[in-house]
1. Quick one: in segment 595-688, what % of C-alpha pairs are over 23 Å apart?
2. For segment 123-130, what does the Karplus curve 6.51 cos²θ - 1.76 cosθ + 1.60, with θ = phi - 60°, yield as ³J(HN,Hα) per residue in whole Hz, taken in order and with x for Gly and Pro?
3. In terms of solvent-accessible area of protein heavy atoms at a 1.4 angstrom probe, what is the ranking of 215, 618, highest value first?
4. Loop only by DSSP, 13 or fewer other Cβ within 10 Å of the Cβ. Give me the trypsin sites (Lys or Arg not before Pro) in segment 630-688 that pass, ordered by residue number.
5. Roughly how tilted is helix 518-534, in degrees to the nearest 10 and between 0 and 90, from the longest Cα axis of the chain?
6. In segment 202-250, what percent of the accessible surface is made up of carbon and sulfur (1.4 Å probe, ligands and nucleic acids excluded)?
7. Express in Å², to the nearest 10, the accessible area of residue 272 obtained by rolling a 1.4 Å probe over the protein heavy atoms while all chains stay in place.
8. Where both partners of a DSSP beta bridge lie in the chain, what percent of those bridges are antiparallel, to the nearest 5?
Amino acid sequence: MTVHEEKTQPTRRTVLRGTAAAGVGAAVAVTAVGGAPDAEASTDSAYLVGRGIGDTTGACAENGMMGYSMPQQIDNGISMRLRARAFVVVDRATGKRIAWCVADQALIPVAAHAAIVAKLMAKYPGTYDYTNVCVTATHSHSTPGGCSHDFIYNLAILGFQQDTFDAMVDGFVDAISAAHDDLKPGSISVGHTTLDNASRNRSQKAFDLNPDSDKAAFPDAIDPHMIVWRFKQGSTDVGAISWFPTHGTSLPNTNLLVSGDNKGYAAWSWEREQLGQDYLAGQPKFVAAFAQSAAGDMSPNLELKPGTGPTDDPWRNIAIIGDRQKAAMQQAWKSASEPISGSIGSIATYIDIGDIAIDSKWTPDGQEHHTTPAVIGASMLAGSVEDGPGLGYPEGWTGPLAKLWAMLPSMPPSPGWMLAEQQPKLCTLPVGLVGAAPSRVLIQVLKIGQFHIVCTPCEVTIVAGLRIRRSVAAELGVPIEQVMIQSYSNGYAEYVTTPEEYASQQYEGGSTLYGRYELCAYQQELAGLAKKLQDNTPVPVGSAGAPSPLGFIDLVPGVVYDNPPLGKKFGQVVTAPATSYDRGSQAKVEFVTGHPKNNLRRGGTFLEVQRKVGLSWKRVQDDGDFATKFVWKRTDVLLGSSTATITWDIPTDAPTGTYRIVHHGSSKAPLTGKITDFTGASTEFTVS
């Protein structure tokens, strides 16, 4: 079936109907999308299941953003907080378990995964390790960067940002810990649907070079398939995961506000907008996680221009593309009828992706090949012109200038065999030779019942993902429908195209760093790893190795001090709201503030929209909600003064009454460096 869902009004205009629903039950979660509670499940369920959420929001001001690699994209506030959503599943017969977690992040660096696992191992000795913890990303391009130990991913951000790294790691640990503590007898069932109006192939020229047998699997050059897992504890619905490929690039590279983009919006829309759950009031009773599959060439920009399609308003597009994914997910979730049953297992190992001999069995030309240390192609510097143009080079460079470039020696000089394996890439920077790019990456296979989830640290195109799934399914002797591909997992190592797609050197091919036959290496290594899991053959996990010192460079100045303007104090209102507003309009307040880096308020908020109830004030929205925006601005560098502008797009069905806007901030004293929290409140205004 195909899901089509268009809104006449952006969802940001819709009120959180259930502000009293902080205690919403999971049975309500079923009713909210038209289902009904099942008969009481047996207490001898084969699995224990648990779910949890954590806040991964890093520095939201003067921190370069991850995804587009544009030096000028430095964040200055929050549209929506970033959250990690976790599930833990335990086989009650064997005690084996898997902790799975997806976050509203551009990527999960190798170092972050290692830090997450280390904290979980210390917190739960003998329970979690590198094999059974899987962390992945929605790939939003509007998240704080600098959280990698790989120099190339910190370069545009001007270095490693410790507080942003810590926020990511701690948010994952919080989510998985909550899921661990939530374990109860439960079950998982599976549903499927198709969604054909939430993605476009942004690299059609490359896709068309694939054999007809591959293209036949994707008649419209997209992968419309969505698979959904439905989680229950007893008869109570507690969560869902969907896997669907579309990039987190509804917001263009000119956006400076932190956001989970379309998948983060979709999760928020189900959990908070629809069910009224309050993230700041404790763990939600229902968790909706939107994960990626093979999204390397899948764009949400349906007009194939940044920030366009279905409309020319990127903020509306977030809601529309997010709502389409939510509607499809709920449709598959309601009809999920295939039970997951069977054993649980997991296996993982580090491989040196830049040094793998590839057997001819896996290559389309029937020849042996070898991956190489990472090399950036000219087309990678171009960026994806459909989602986020880069430095101006055209994709698929051709013509006299390209030929001249190809004649130039690489810097530093690269061995001839290495350049041969990279052909026809126009090689620019051999970053792997100087330790600026990842080399040792983790690959992982998870088994939950009849399903195998194949986890890669890269962005695979839809045909590349299909070939990996076919290879693993053939090696295991199982239907391909039982093998799933999950990108952006446990590390990040750029793109993987098919060798045929690579030849056209579109952005994705230029970003396939380790040679034309990198996909074949992943097919070989992942199929072999899956077979070892099936045969119960132990595999050493190994390690990522010591990071390069380049990965710890930080050229971003820290917060020196904060001062309010003369005659003012922190939290004081600079620009007051109007005395009254109509529904559908925007309220705006400006406060004197300190630097947001003084206190990231992870698990909290920089703002509250409060409604007067009797003699008290009740929070109805915060900086995790789509209708609010928190924008920080430096007003005097020498004095250390800054302002916080808070806007609230008042829902068209907001309750009438009296409201105010509250700002929470922190300041740093000039001499002592002491951090002091403060709160300011606006004057009252009415909504009518």
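1. Across segment 595-688, Cα pairs with separations above 23 Å total 31 percent.
2. These are the phi-based 3J(HN,Hα) values: 7, 10, x, x, 10, 10, 7, 5 Hz.
3. In descending accessible area the options line up as 618, 215.
4. 674
5. 90 degrees
6. Carbon plus sulfur share of accessible area: 52 percent.
7. 10 Å²
8. Working: 106 of 127 bridges.
Antiparallel: roughly 85 percent of the beta bridges in the chain.
The values are calculated or read from the model by the stated rules, or taken from the named source; none is laboratory data. Predicted, not measured: the structure shown is a model, and the values here were computed from it. All Cβ positions, even for glycine, are placed from backbone atoms using ideal geometry, and neighbour counts span all protein chains on display. What goes into the accessible areas is simple: the full protein's heavy atoms, side chains included, and nothing from ligands, DNA or RNA. Shrake-Rupley method; radii C 1.70, N 1.55, O 1.52, S 1.80 Å.
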